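Trainee: Sharing a structure below in structure tokens format, with a few things to ask.
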Amino acid sequence: MDDASEDPSTTEDDHVEPDQQEKTAVSEGNGRVASQVSDAVQEQDEVSMEELLPYQQGVNIVGDGPTGLTAALYLAKNDIKHVSVFGENETYLHDAYLYNYPGIDAIGGSAFADTVRDQCKAFGATLHTAFVKKVEPMHGGFRITTSDGSHYGSKYLVLAEGDGRKLSESLGLAFEDLDGTRVVKADRYGRTSMERVYAGGWTIRDNRIQAVISAGDGAAIALDILSQEHERKFHDFDVPE
Ligand SMILES: Cc1cc2nc3c(=O)[nH]c(=O)nc-3n(C[C@H](O)[C@H](O)[C@H](O)COP(=O)(O)OP(=O)(O)OC[C@H]3O[C@@H](n4cnc5c(N)ncnc54)[C@H](O)[C@@H]3O)c2cc1C
């Protein structure tokens, strides 16, 4: 179930025969794509503009820890349409009590996560309570498949999957050894080896990790995506009224 109101999911069998190919049929809000399996192989040039639209806009974010949520907050606050976060609200923050988050005296990790989730929703991001089982390039963008078989397309993909890194691995992103830990390779804006795929937080770091570091990574990712979209170096500076 999604935190924001959503249409019911479309589903498909997990296994698709090699001679069958997905036929993306309908595009909807928040990058969701309804789909059906076609008997015939669909040529790329037969795909309509409507079918391609979900893959030409929006940002799908896998992981609802401080990295993913902060990226979503900054993107939605700055009017990026179709910002979606996928996760089951199982961030390590729930095991934490924060005495070390600057600007906050002390707060339980769960209360902190709840507050950021509310901020994301207030700015217009959609939080999907869902486990992502597959990410793949599709129609020039990226497609997410959740465990119930629903598909979601987006132009940008953010992998903030914590210390598991399984989707990053399956997507074929470059990894590197960071003082003995195999992590996703990314630059200081979270750009990975694949264009328009970003990673941050624990996914790109070893155990020298804190909530504020992950939040910072999420903000850096968002600013880079915003810079790409606005074709200028973008920052999010507010001043007192
Ligand atoms: C016991 C403990 C105490 C801590 N105490 C502190 C502290 O006091 N102060 C501090 O600053 N930090 C503390 N931390 C560290 C802090 O929790 C991490 O720095 C922070 O949670 C990392 O954020 P992240 O977004 O990078 O990853 P995570 O918080 O791990 O978030 C990743 C999210 O992605 C989700 N996910 C992964 N794969 C998928 C998938 N395929 N589909 C959908 N969702 C997926 C996970 O369920 C998770 O919700 C503590 C950690 C622990 C374990």
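Trainee: Note down the net charge around residue 93, summing +1 for each Lys or Arg and -1 for each Asp or Glu among other residues with Cβ under 12 Å from its Cβ.
Mentor: -3
Trainee: Given the C-alpha atoms of the stretch 161-238, compute the convex hull and give its volume per residue in Å³.
Mentor: Roughly 91 Å³ of hull volume per residue.
Trainee: Now for a separate question. Can you put 98, 73, 159 in order, fewest other beta carbons within 10 Å first?
Mentor: 98, 73, 159
Trainee: Further question: Taking neighbour Cβ counts within 10 Å as the exposure measure, how do 80, 144 sort from fewest upward?
Mentor: On the way: 80 22, 144 27.
With the fewest neighbours first, 80, 144 line up as 80, 144.
Trainee: Size of the dipole of the stretch 71-178 about the Cα centre, Lys and Arg at +1 and Asp and Glu at -1 on the beta carbon, nothing else charged, in debye to 20?
Mentor: On the way: 10 positive and 14 negative charges, 111 e Å.
That gives a dipole near 540 debye.
Quick note: the coordinates plus some simple rules give every number you see, no bench work behind them. Here the structure is a predicted model, which is why all the values come from computation and not from measurement. Here the Cβ is made from the backbone with ideal geometry for all residues, glycine too, and neighbour counts use every protein chain on show.
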